[in-house]
Each structure stands twice: as C-alpha cells, then as structure tokens.
Amino acid sequence: MELDPDEIFGDDEDDSQPNLQERESSKEYVVYIVDASPKMFSTTCPGEDQNDQTHFQMAISCISESLKNRIINSSYDEVAICFFNTREKKNLQDINGVFEFSAGEDGLGRPTARLIKEFDQIEESFVKKIGSQYGIVPGSRENSLYNALWVAQALLRKGSAKTADKRMLLFTNEDDPFGTLKGVTKLDMTRTTLQRAKDAQDLGISIELLPLSNPDRHFSMSHFYADMLGLEGDALADFIPSSIERLQDMKDQLRKRMFKKRRYRTYSLSIANGVSIQLSAYALLRPTVPGSITWLDSTSNLPLKTERSLICADTGALIQEAPKQFLPYRNQEIKFSREEISQIKRVSTTQLCLLGFKPLSCLKDYHNLKPSTFLFPTDEEMIGSTKIFIALHRSMLRLRRFAVAYFGSSTHPQLVALIAQDEIISTRGQIEPPGMHMIYLPYCDDIRNTEELHMDVTFTTPRASNEEIQKAVALMKRVDLRDFSVCQFSNPALQKHYAVLQALALEEDEIPEIKDETLPDEEGMARPGIVNAVEEFKLAVYGEKYEEGESNNISEASRKRKAIAGKAAQESANYDWEDLAENGKLKDLTVSELKFYLAAHRLPVTGKKEALISRILTHMKK
Amino acid sequence: MARNKESLVLLLDVGPKMHGVLPQVEKVCAMLLEKKLIYNKFDEVGIVLFGTAETNNELTKEVGGYENVVVLEGIKVVDGDLVDVLDQIPRGTVPGDFLDAIVVGMDMLIKKFGPTNKGKKRLCLITNALSRLRDPYEGTKEDQVSTIAQQMTEQAIKLECVVVRGELSGDADKNVMDENDQLLELFTKKTWAKTLHVESPTSLLGALRTRSIAPVTIFRGDLEVSSGLKIKVWVYKKTSEERFPTLKKYSDKAPATDKFATREIKVDYEYRSIQDPEKVVPPEQRIKGYRYGPEVVPVSSDAWEAVKFKPEKSVKLLGFTDAKNILRQYYMKDVNIFIAEPGKKEAVTAVSALARAMKEMNKVAIVRCVWRQGQAGVAIGVLTPNVSVKENIPDSLYFNLLPFAEDVREFQFPSFKNLPATFQPTEEQQEAADNLVMMLDLAPPAKQENLKPDLTPNPVLERFYHFLNLKAKDPDATVPSLDEALKRIAEPDTELLSQNKSVIDEFQRCFELKENLKKKKSTRSFKEKPSGSDDEKEVIEDHNEGKTLMITDDITAVKVENSDEKPYSALTTNSAAIVEKIGDITPVQDFEAMLSRRDSPDWIAKGIKGLKSKILEFVEDSFAGNNYNKAIECLVALRKGCVLEQEPKQYNDFVQYLCRFCRGHDLNDFCELLGLKGMTLITKSEAVDSDVPDEEARSFLVTKDGKVE
C-alpha cells in the first residue's frame, strides 16, 4: 500500500520531477581547457593497449570518458571545451589562439549525446579545421594561455558561485609556457597570466591542472604552475603523483548517479525528563536504480503524459474526489477515511523516543528490514545536542550497548535500534563517519520461524561433528577474503544498463562489455591448497558417495512424473494418432485419452479440450 | 483454494491467577481470528477454556474425568461470532489443569478429522502453568505426557504453549512451577511442540503468531562452495514486513439498494502526447525511454531484452571474511535464511559444519546470488551462522543483502575529536552518560529481555484490527486509544524510569540544553559541500557556528554582526585581509591588493584615487625631501597599475598636475627626481588609450626641466 510513505527512500526521486532547488545547488560548471600546441601531438606516452598515444589523444579520451560519466552521474552539470594554441579561433571575445569546441549551441551547456559523439571524432578533423600552432612565440604579444583562461572565465560567468561549483580543468604538457620568451616580455606575460588566474579564483572558480608527462620528461611545477595554483611545500611535492592518480580516476570513474550530501530530515530524540536533542538524518546507503522510465510515443518518440482516472466499477462513473478506502470484513464493507488511517498510525507524538539500552548481543542478524539511516548531531536548534550525543556515543561504544527507540513517524512508526559507530579513518580518508546508525527493527509479525518448518520429529537432526567443523575451519582459512570491503563491487546490472544506454544514445555499433566483478575467483579457487581443503571437507561430510545433482536421489515428484509418462506412453500406443488426426476424430476422444498423447510426449496437459487438440496437432506438425 | 487450511484449537487457562492477563489473551486471540477472517477465511477454529467451575466436554461424558474444562466453541470455520465471543471470555474460579485441556483439544481434532485430514492441525495453549496437575490414574505424569506426545505425533498435531510468567504470575509455588515447566519441556522433546515464556503484557500480545503465512522458497538448488562442492539448500524469507491488508477504493455511486454492487473503483490510465493533449496513445504504441543527459533515448523492450544483463541462476560462494569487515548498518533489506534441503543428511551436516565453523572463527561468508533465472541483477550478500539450540531444528545461515559501490554515498562528517572543546563532554558528564546507558537497561540479567523484536507486536496493526472489528459493529466508531500494553512499545516504561530516577536526574543536571532562539535561516547549513571536497571547511564552519553560539549567551549584538552578515567573507578574512583603503604604512601593497580585487570594478578607481591623494600628501608633507622616495615608489606603482588597467589618462593627467603643483609650491626638486628616475608619461604603445605619442612622453620632463631653468 504505502511502500515508502516516509520518503526515507524518497531521495532517489525520479529525474522527471526533480526538486529544483536541490538541483541548482548541486551542479557543477566545468570548462575543459586543452593545450593543442604541436608539442601535445609530438609527445607520446604508452597508452592502454601498449600503443603509444599522443598527449593530445590522452587528453581527448580522458575528457570523453569524463563526459560519458558526467552525463549519467550528474547530467545537470554544464560543460564547455576550449582548445588553446590553435590556428583558428572561435570564441565570444574573438581573441587569437583559442578555439571553443561546441556541438550546436555555444557556451556552457549540459552534456549531450551529440556533443560526446562529435567530440569523440574531433581528432580526425582537428588539424584541418582547428589546427595546431604555438601561441606564445618571441616577438609576438599574444598570450594564448592567458587568452584561454580569459575565455574560460567568461564562459563560467553564467550562474552564481553559490549555486554551482565552477571549475577549469587544464590539460597541458608544457610546464614552462613562457620558456621561449625572455626578459621583460616574459615577466610581463607571466605576471598578467598569474593575475588572470587569480582573478578567476577570486570569482570562486577553481583551476585544476592535469599535467601530462612522459617517462623521459617530467612535468616541472616550479617553472610556472606552482605559482599559478598557489602550491607550496608538501602540497607541491604531492601534486604530481596525485594528479596522475586523478587523471586515471577521471577515466575509470564509476558510472553512478552522484548524490550531494544532503540531510533529508531533522529528528529530535527525547531522552528522558524532557531532555531532547536534535539530530540530522542522512541516507548513506540506498539501493541505486537505473534512471526512471519516460514513456514515449513509438511513432514520434515524443514524451507522453500519464493520466490517471478513477472509475466506479459498478456504474462506470468518473470519480473526482479522493475516495474512501474499504475492506470487506464480516460480510460488510468497512470504510476508512484517510484521517482515520493516519490517526491509527499516530502512535507516538515524539519523533524519536529513547526507551532504553541493550547489549549489542541482543541485536540479531535477522533484525533488519530496510537500509539504515545515519544520524549526526546538530546544535542548530538545540544548543548542547552535540555534547550529549558525543557523551552517549562514547558510552555506548565503550559499554558495547545499543539504544532502542521508538521512531514515531506519522506514516510508518517503528521500533529502531541506534548503534554507535566510531570513526574509521584510513589513508584514503574517512571510511566510516562517527555517529549512530538507525536500524529499523522488525515486529514479531514480521519475523517468520522458517527454521521450525523442517523440525524433525524423530529427533535425528544431523549435526556436524567436531572433525567436520575443523575441516570447515581449514577451508575457511584457505578461502579468506582478507580485505573485503562492503562496497568493493559495482553492480553489473546497473553498469550494463548505463553501457547499453550510452551505446544506444551515441549510436555506437557495439555495446561495451561490462566486467562482472561479482563472479567468484575461479582461478584462485583452483589453487591446489583450496582444492585440497574442499576435497577434505567433502570427504568428511559426504564420505565417498558425493555425487552432483539429483541423479542418486530423485525427488518424489519427478519419480511420479516419470511413472505417469511411462504409463501414458503404454496407453498412447493403443491409438493410431496419425489416423485420428487425419480424419479429425481427435475431438471424439475424451480429455483423459488426449492426455495420454500429451503426457507420452512430455507436453503440458493443462487447458480445455480444444487447446489439447490444437497442441497435439501442432506437435504432429499438422 | 484452501490448500493450506489450518485447524486450530485455542486452549485458554481462565483460572483465578490468569484473570490479570485475560484482557491481553482476549486481544491476541481476537487479533488472530480477525486476521484469519481476512487472510485465511477457510481455517477452522475451536475454543476450549479450562479452570472453569463448570465442565462441558465430550470426553467427560464418554469416559469421565476432565473436569473444569469447557468447550466454548466447537471447531468450525471462522466467523465474526467467534471474534465476538472473545470480547469477554468467562472467568473461571478453579485452578486449571493444562494436560486435561490438551487431551480435550486433541480429542476434538481427532474426532473432527480423523487421520485422513491432511491440513495443518494445531493446538494453542495459553496458561500460567502454576497449579498442580492431577495425578494420573496410572503411571506418572511423565508417562502421561509421553503418551499424549506420541499420539500427537501420529496425528500430526502441533502444540504451541505460551506460558505467562514473571511479573504477570504473581506469587507461586516454586516446586509446582518447576514440575509443570519440565512437563511442557518434555513435549518439545517428544513431538512438534514449542514453549514460549512471556513476562510482560506486551510480549504476551506478541507471543502468538497471529497470521499464518504459507512459507515459499525463494530458491532451491546448490550453494556452490566451489566447482567441486555444491550443497543443496532451500532459501526462505526470515523477515518480511507485515503491512495493512490491502484496502480498496470505495465508490458510493451504485445505489445503496444494489446488493450485488462491488463498490470498487477501477483505476484507469491514459497516455496522451504532451504536444497534443487531445491525442490518446494506445498502450501498445508506447515505448520506454531512458534519460541520457537532457535527451530521452527510446529503447524497445525487445532490444533491451537482447542486450541486457542476464545472469544465470546460481548461488556462489565468493569467500569468507572476518565478521568485523561487515558492519551491521550495511544490511540492506529484509533477511533470508538458508536451510539445507530437508531430508538430505549430508547437506544438513555440511551447512551445520559451515555454520559452526563460522561461529567458532568469527567469520562470515560472502555469496553472490541469482535466485531465479531471468532475474534482473545479482545480489551480493553475507551469510552469518544461526546455530540452533534445539535438537530437532537444523543449523542454518542467515542471508543479508549488502550494498554495491553505487549504493554507498560517501558523505564526510567532522571527527568528534576535532570539534572544539565546547562540544566535548567533561568527565563528570561522561560518567552521567555511562550511568544512563548502563542503568536504563532493557535486558537486565535476571529477567526476560524487554521489547525483544520476536515478542513485540506491531501497535499500529493491533490498533487497526481492533478498530476494524469495532467498525464492523458500529460504522461510526472512533479510533480507539492505544492499549496500555502497547503503549510500552512507543513510550518509555514508567517503572524503569522511576527505578532510575537518580541516574536520570543526574544526567539532566550535568547537561545543559538551550534552545537556539536566533535560529538562522537554515539555508546555509543545507548548502553543505559536496562529498569528499572540503570537509575541512565544514569543520571550520561548525567551529564558527559553535563560537558564535557561545557568544549568543553574552553579547547578542556582536554575534549578529559577526555571523549573520557574511559568513563567507568572514572566512576569507582569515587567510587574506581585505583591503578597502590605502594606508600610510604599505601604500603600494594596499594599492596592488585593491587593483586585484575583482568583486567590483569600482576598486580600481578607488585605488587610483586613493594612491594619488597619498602621493600628493607625501610630496606636500615632505620636509627636505624625506618623503620623496616613498612618493616615487607610489608613483611607480601607480604607473604600473594604470598600464595594467589601461587607464593611461589617469596617470598622465596626474603626473602633469603633480609637476604643476610642485612648481607652484616650490618643490621643484621633486620634478628633478622624476627626471632622474626616468619617469615618463604612459605612451600609446604601452596603452592604446593614451593620446601621448612616444616622443612626447620622453620629452615631457625634459621640457619641464628646460622651463625651470
């Protein structure tokens, strides 16, 4: 009925009806700035399939992947691509050496299939249409890097920095853009370019450099870019290694819809004696589904809108007002109004009401119904909440206890367990944030005693002997996933979905294969140590007679089925089916007679007589 | 239709010591019947009371004995009258004998169905088992129980006993209690029986499984440990949320007199083109479209079918890992259970060995599951051991679904230890919290765990069924208030609170809570940084908030200015001070800073103007030329700035004015200095806007000099 009345899962909302405000604040405006100087074409580095790739190709493929990810992950972002050190120019300011690439409309825009497709093909036509030439040469006052920054900044003028993150991503392999110049001109150009970069940063635009280097020549930050990015000390030393990682990340990024950090609700937790603290709730874990379906008219591919109407089943009259609901019970129709239903559900007036604490051992593995919700304290409305939360959090961790509370949501009230989670940090950053996880507990009506179904009345339920357990322990030690982390697998179905969508949208000929990471490691399992452990366990439990499949132990049902088929075959032999069919005499037979034929030929025996006859005729190819 | 038909006899102890809990007994039984009326209309139910003054059962007529047992309702298909009977069951006056009641109930089931009936037969006993049982005519009570149990096994009758104990039973004879408990225990060792002890009215309401759901396997097949070892398992649901019964939409259009009206409403969907709302598109003409950026890509279902991800049905083990690697909060869904295929001895042993080894080693198993052929995706989950404590129940494994990488949102939160000291509890406060967590105990050692999910009924469903039944009698009934026993689920136990009053008072005393009256517009806190980018900033922000909040207590005015105005500019002040005018100490730097400020174009004009007046000031106030150098420095900076900002006129006019000024004020030495330093006007080649040709610029000071001489 109400699957998710509380909108706990509601933040996976369809894109078709997005919350405008949220969308505004969570988008990104990005300008990719690509150096197109001849040096980018002449320098190569080993590519993925061992073939050498020019730096230009590398930048292009990287941006292309990034666009393909972006269109799925956060399609409301807007992008633009600028080449600099080009022969031709194309930009609003009409300055030299900068070429703004666009498909259709100019300026910043949401990535489209067309943009990606045309961008993928840019390399072929690049030399002819755009051309590559050094923009900064002695004797000329042109400064193509400065121009590129200027054009990018102008593109990013759109929208306010408060509602969007603005970024420039600069791809270049020239670590000393003004190296060919000397004296005052060099100083001057360096200074103006730095100023330009600073201007952009002052406007809230972040500039990121993705330096391309190859094994023989390292990209030196000290010539120019350290100043431009304002890097010093450790940050500078770490920059190059981390930027290589970032470049790789950009290509390998997982296709997943990104969610910006957003709390979906604030709860007050009443502790006792009127002490109540404020908590923010976040959805850290929710199943991701492929985007929503939009229905289209198959003749025109135009979107359709769905209209729902309520029609009285008895009279066919159209019903306008919100109807009451009813349930047939004791030969009556018991009617409920919406108010009554919501009144029934209003069990508690407090949002979260602490009932007490229990040791963690009381929380069983089967006490779970849906994904947990993360709670973090906030002092926004109630000063002192954070302090109380931290104190309780510590006590619960130390005493290994969890809190039981009643979650008095107006639509889906429930008992919940609050378990304290300590912060876990690794070198990669925060793995588990500190806070409490709210786990929705089942009621007795929700728990099924399925184990008891196969209660053995003869009291001879087999139990593993100590030896068998030890063999299982040995096996377990062999097949150990030491560093297993819960979210190490990507969802193959979802990734395939995105891949198919991309192939269809970009009219690619073949659909990229998606690696299913969730399959067991066959190779690893075939290692002799593991195979031995498995065999020993098998021998201990099954003895010598382990056989695969059903062969040694045919189930009751299948034996029965076989017997019937055998009998039917005998009976069936008594009829001349060909002859009966030829002369249309099948209809003179009884249903059970017809079934002899069907059973003998392993055909379905269900349906009306006509269906049986037609099935026989089809089988005989008549 | 009635394939899973169940016949149930309720055996209710109504003896004097039971009177206190009979309201709950009535409720839980009524609920059971109400659910049967909706979900299992063909089930049959009988009601037997014991501990009554009267005696009324067939056995007593046939063979004698079996006193104080009354068959209130014979076994019959459930109907509304049965529910009404439970509104108020007669109270008894004598201690009841539950063994007699079991025999009477069993006799009823046997007489009604004989051995032929294949449906489920169940006895449900609710008693406190506090009164001494009558001694049998021959043999011991244990022998008697064994005989009954054997008979039950033969007749495939199951027995469920709910024993009311603890605070509910009052004072009791310990010996009698123990003897009775042992007898009931004996049943569970001999036949399909289970005993449940309940110690609170709330758990009594949750003790009976009020809805019987035919168990269905999700999967039957192999648990593939490796290619060489496959264990036959069946997978069932272990938890699944029970919801309201499906309500239909009600239509009052049909005349009230129409006896055959369904009163239902059909929901009809129509698809119309957005461009042309008049046009209705038939359902078969629709095609699915998925969003790809701003566009929608049409995909026919056939094409999709051909290329989509199609995993093979299988359950494969990926490996084992330490239990601590799987945090509890990662469980995504309701829970399944893996049971070895019944009857397969080796499979049962294999699952048992795995479960016990996992428990011993504190390990869990990671599995990849495709339950059905044609399932849309794969499920990755964790198997945890469920080692059975009952002899006749096999060991099994729980299955919990785990998230994929796509399902996890990596939001960053500040560390607690990095929060400012105002957020850190003192030792005293920590102790108060420790005491609270320790003392507000729902699972005290000597007693039964309170609010155990397995024994806690859903108050909303309880209330719904209660209301439903009330409405059946009176359509205008109002929603009943919550039963006392159910209130204990939603509200803290007053008894527990009063027991720990001192702890709670101490906790309240230690911590101070204050409502934030100056609650800012929450827009700022909503606008938090995207995941992974700058959590640093957030911490700072939190700090700021903390600080300003503290100030609130003392000087409200300061706080308003400080935090409400411009939270972000306040932040930037920390790194680089914002220059708004040119000072005496570092005029050049101030000027440069003003020029590079780009939040408004006015800063350039302001800067130039400011520096000009500063230069004039220097020159004017100079005593024996002591400020000249400063003035020249500033002038150089001004020149540079004017070239950069393409404001040559500003500089040229000023220098000319300055020279005139010097000459007028007998400061000719300054002009000479300008000549010596080679300060020229800004030329056309430096700034396009300049109207000074190169030659003139160079000659500017020369001519001036000439004039002076």
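The values are calculated or read from the model by the stated rules, or taken from the named source; none is laboratory data. Computed from a predicted structure; not experimentally measured. With ideal geometry, Cβ positions are generated from the backbone for all residues, glycine too; neighbour counts draw on all protein chains shown. Keep in mind that these areas ignore ligands, DNA and RNA; they rest on the heavy atoms of the full protein, side chains included. Shrake-Rupley method; radii C 1.70, N 1.55, O 1.52, S 1.80 Å.
Quick rundown of the values:
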read-out	value
Segments B:42-53, A:193-204 sorted - mean Cβ within 10 Å per residue, highest first	B:42-53, A:193-204
Point-to-point label distance, B:Gln448-B:Val389, nm (Cα→Cβ direction, 7 Å offset)	1.3 nm
Carbon and sulfur %, accessible surface of chain A computed with the full protein complex present, 1.4 Å	50 percent
Value in Å of the Kirkwood radius, where the protein assembly as shown supplies the Cα pairs that are averaged	38.2 Å
Low-density loop positions, GluC sites (Glu not before Pro), the stretch A:463-537 - DSSP coil, at most 12 other Cβ in 10 Å	A:Glu507, A:Glu510, A:Glu513
Centroid-to-centroid separation of the stretch B:4-72 and the stretch B:141-187 [C-alpha atoms, Å]	17 Å
Stretch gain in nm, segment B:Thr422-B:Asp143, where the contour uses 0.36 nm per residue and the Cα spacing is subtracted	93.4 nm
Compactness of the stretch A:286-334 as Cα Rg over 2.2 N^0.38 Å, two decimals	1.91
Accessible area of chain A divided out per residue, in Å², using a probe of 1.4 angstrom	47 Å²
Distance in nm between pseudo-label sites at A:Leu92 and B:Ala605 (7 Å out along the Cβ direction from Cα)	2.4 nm
Test item: Cα-centred dipole of the protein assembly as shown, Lys/Arg +1 and Asp/Glu -1 on Cβ, debye	2680 debye
Of B:Pro414, B:Phe507, B:Asn128, farthest towards positive along the dipole that unit charges on Lys, Arg, Asp, Glu beta carbons give the protein assembly as shown	B:Asn128
Normalised per residue, the volume of the convex hull around the Cα set of chain B (Å³)	345 Å³
Charge sum, other residues only, whose C-beta stays under 14 Å from A:Lys358's C-beta, Lys/Arg counted +1 and Asp/Glu -1	+2
Kirkwood hydrodynamic radius of the stretch A:317-360, Cα pairs, Å	14.2 Å
Links that overshoot a 20 Å alpha carbon limit, given the list A:Lys496/B:Lys313; B:Lys76/B:Lys237; B:Lys141/B:Lys174	B:Lys76/B:Lys237
Share of carbon and sulfur in the accessible heavy-atom surface of chain B [1.4 Å probe, %]	51 percent
Within chain A: Cβ-based charge dipole about Cα centre, in debye rounded to nearest 20 (Lys, Arg +1; Asp, Glu -1)	1340 debye
Span from the the stretch A:326-381 Cα centroid across to the the stretch B:468-514 one, whole angstrom	14 Å
Average accessible area per residue (Å²) across chain B - probe 1.4 Å, nucleic acids and ligands excluded	47 Å²
Size of electric dipole in the stretch B:220-307: Cβ of Lys, Arg +1 and of Asp, Glu -1, about Cα centre, debye, nearest 20	500 debye
Neighbouring partner chain Cβ atoms per residue of B:200-207, average, 10 Å criterion	1
Listed pairs B:Lys308/B:Lys333; A:Lys370/B:Lys121; B:Lys27/B:Lys487; B:Lys259/B:Lys473 exceeding 23 Å between Cα atoms	B:Lys308/B:Lys333; A:Lys370/B:Lys121
Of the chymotrypsin sites (Phe, Trp or Tyr not before Pro) in the stretch B:238-309, those whose Cβ has at most 15 other Cβ within 10 Å and which sit in DSSP loop	B:Phe260
Those GluC sites (Glu not before Pro) in the stretch A:254-358 that DSSP places in a loop and that have at most 12 other beta carbons within 10 Å	A:Glu321
Peptide A:107-115, shielding by other chains (average Cβ, 10 Å cutoff)	2
Rounded Å value of the spacing that divides the Cα centres of the stretch A:120-136 and the stretch B:663-686	50 Å
Order by protection proxy (mean Cβ within 10 Å, highest first), peptides B:272-284, B:230-242	B:230-242, B:272-284
Counted charge near B:Pro23, where neighbours are those whose Cβ lies closer than 10 Å (Asp, Glu -1; Lys, Arg +1)	-2
Shielding score for B:33-42, defined as the mean number of other chain Cβ atoms within 10 Å	1
Residues along the stretch B:296-316 losing 30 Å² or more of accessible surface when the other protein chains are present rather than the chain by itself (probe 1.4 Å)	B:Val296, B:Val297, B:Pro298, B:Trp304, B:Val307, B:Phe309, B:Lys316
Size of the A/B contact, given as accessible area buried on both chains, probe 1.4 Å, in Å²	21400 Å²
Cβ-based net charge around B:Leu497, under 11 Å, with every Lys or Arg adding one and every Asp or Glu removing one	-3
